[in-house]
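Comments concern the structure below.
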Amino acid sequence: NSTQCVISPSSEFPEGFFTRQERRDGGIVIYFLIIVYMFMAISIVCDEYFLPSLEIISESLGLSQDVAGATFMAAGSSAPELVTAFLGVFITNGDIGISTILGSAIYNLLGICAACGLLSNMVSTLSCWPLFRDCAAYAISVAAVLGIIYDNRVYWYEGTLLLLIYGLYVLVLCFDIKINQYIIKKCSPCCTCLAKAMERSEQQPLMGWEDEGQPFIRRQSRTDSGIFYEDSGYSQLSISLRGLSQVSEDPPSVFNMPEADLKRIFWVLSLPIITLLFLTTPDCRTKFWKNYFVITFSMSAIWISAFTYILVWMVTVTGETLEIPDTVMGLTLLAAGTSIPDTITSVLVARKGKGDMAMSNIVGSNVFDMLCLGIPWFIKTAFINGSAPIEVNSRGLTYITISLNISIIFLFLAVHFNGWKLDRKLGIVCLLSYLGLATLSVLYELGIIGNNKIRGCGG
């Protein structure tokens, strides 16, 4: 069996503020506290700034929840992967971008879906077409990336291909309603089951809310909502996030201390983060800053990237201190760490009953991750060093392809056989599946199964 030399993930980060011996003597506790604090910081950014800015963007463009989740939400929550890809191409000249994006793909599909199902306190009805559309786009993206790096070289036209694929995906989203109706029309004679599922998704209310006790009720089918539509009233997304009675009012100040004792403790601990975000990011929920939602969205993505970088750095050093093998770290803790923004945003919208937005973010963010590879590849090969291709390591591509394809097919079938509902039963099935695939991946990487022997470089 051949032995592969793997560089430690900690080499991609700055040196820590403790030596290995100091960490073993108790300094590791500081790293644990920083990890927990970064979780809290990312949660605050997503809940207080990122999702409200997404809400106003969706309201301005008239986006349905699945399109919003697959585009702006996916782009913002995938900002850490984009930063990582640029670091891998321009700074470290390694494969950190590819390994991070492809290595965390299974967690993105099954792990986040499991979190949404298990942590959501309500059952969300899912639509057939958005999930089918996003899964098909992701399968094409994976095939393109694997085909590009199969020969261990990336040329400028291959980076361009990834950008064109994502551009085509966005174009499909722009004509989402018309394509959906066309498929229903063509599939009705030959596939009654698929046609019924598509029709159910078409007639499903956009935001999935209806309350007879409210002053007015607004049910809107997907056919009523193109990508750009005029509407004099408040958007359903705006109403569902803040409530009918709060639409015209500014939210409470972030510096108001909660009344509950436990919430007060968390508020005091998070006060430095709250103050930092207040001074650097406009709160587009207020009347004064509402028109600056693009700045809010951009600053939120920047802070999400910064906090995620620190989080992954601390997790990497912690795993090295506890002597967890690097390959196991990459498939488990690091994969989950880089996907924390996707996890938090998907769970938050799933708890509000927006299942389509959560699922489109889960799969759509993976499609955007493929673009994260295409942008730095194209820039470097077309403008910076056009005479030489980018060298990459394609070892293990076949195994990654099989795992991703199994994950995509399994997720779609699991949702179908669960009656197109996002609930705890689906969460448990996805969690068990993710644990099974992650276990097989770890065993393969450690050389227990297969012919993949790995050792640390210099070890």
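The values are calculated or read from the model by the stated rules, or taken from the named source; none is laboratory data. Source: prediction; values computed, not measured. Cβ coordinates were reconstructed from backbone atoms using ideal geometry, including for glycine residues, and neighbour counts include every protein chain displayed. With ligands, DNA and RNA removed, areas are computed over all heavy atoms of the protein, side chains included. Shrake-Rupley method; radii C 1.70, N 1.55, O 1.52, S 1.80 Å.
For region 267-305 and region 143-172, what is the separation of their C-alpha centers, rounded to whole Å?
Taking the Cα centre of region 143-172 as reference, the centre of region 267-305 is 34 Å away.
Using the Cβ atoms and a cut-off under 15 Å, what net charge is assigned to the surroundings of L163, where Lys and Arg are +1 and Asp and Glu are -1?
The answer is -1.
Once the Cβ-Cβ distance between I28 and N121 is put in as r, and R0 is 45 Å, what FRET efficiency do you end up with, to the nearest 0.05?
0.85
Find out how many positive minus negative residues lie around F50, taking Lys and Arg as positive, Asp and Glu as negative, among other residues whose Cβ is under 12 Å from that of F50.
Value of the local net charge: -4.
With every protein chain kept in the model, how would you rank E391, E259 by accessible area, 1.4 Å probe, largest at the top?
E259, E391
Between S124 and residues 5 or more places away or on another chain, which pairs have amide H atoms under 5 Å apart, with H built 1.01 Å from N, and which residues are they?
Under 5 Å from the amide H of S124: L422.
Starting with the highest mean, order 143-155, 359-371 by the number of other Cβ atoms within 10 Å, averaged over the residues of each peptide.
Listed from highest to lowest mean packing, they are 359-371, 143-155.
Solvent-accessible area of K185, probe 1.4 Å, all protein chains present, reported in Å² to the nearest ten, please.
Rounded to the nearest 10, the figure is 150 Å².
Using a Förster distance of 51 Å, how high is the FRET efficiency between A143 and F39, based on the Cβ-Cβ distance and rounded to 0.05?
0.90
Could you tell me which of rounded, prolate or oblate describes region 283-431, using a ≥ b ≥ c as the square roots of the eigenvalues of the alpha-carbon gyration tensor, with rounded for a/c under 1.5 and, failing that, prolate when a/b is larger than b/c and oblate otherwise?
Rounded is the answer for region 283-431, as its axis ratio a/c remains below 1.5.
If you plug each phi of region 43-48 into the Karplus form 6.51 cos²θ - 1.76 cosθ + 1.60 with θ = phi - 60°, what whole-Hz ³J(HN,Hα) values come out, in order, with x for Gly and Pro?
Values, residue by residue: 4, 5, 4, 5, 6, 8 Hz.
Separation between the E323 and K185 pseudo-spin-labels, each 7 Å from Cα along Cα→Cβ, expressed in nm?
6.7
Report the FRET efficiency, 1/(1 + (r/R0)^6), for E259 and F288, where r is their Cβ-Cβ distance and R0 is 25 Å, rounded to 0.05.
0.40
Just to confirm my numbers, what's the Cα centroid distance between region 41-84 and region 357-385 in Å?
Computed from Cα coordinates, the inter-centre distance equals 16 Å.
Could you derive backbone 3J(HN,Hα) for region 306-312 from the dihedral phi with the Karplus parameters 6.51, -1.76 and 1.60 (θ = phi - 60°), listing whole Hz in sequence and x where the residue is Gly or Pro?
Listing the rounded values in order: 5, 5, 5, 4, 5, 4, 5 Hz.
Once phi is turned into ³J(HN,Hα) by the Karplus curve 6.51 cos²θ - 1.76 cosθ + 1.60 with θ = phi - 60°, what whole-Hz value does each residue of region 123-129 show in order, with x for glycine and proline?
For region 123-129, the Karplus-derived couplings read 8, 9, 8, 9, 9, 6, 4 Hz, x marking Gly and Pro.
Amide H neighbours of R153 under 5 Å, at least 5 residues apart or on other chains, H built in the peptide plane: list them.
Correct list: V392.
Just to be sure I understand the model, the point goes 7 Å from the Cα along the line to the Cβ. What's the resulting L276 to K425 distance in nm?
The two pseudo-label positions are separated by 4.4 nm.
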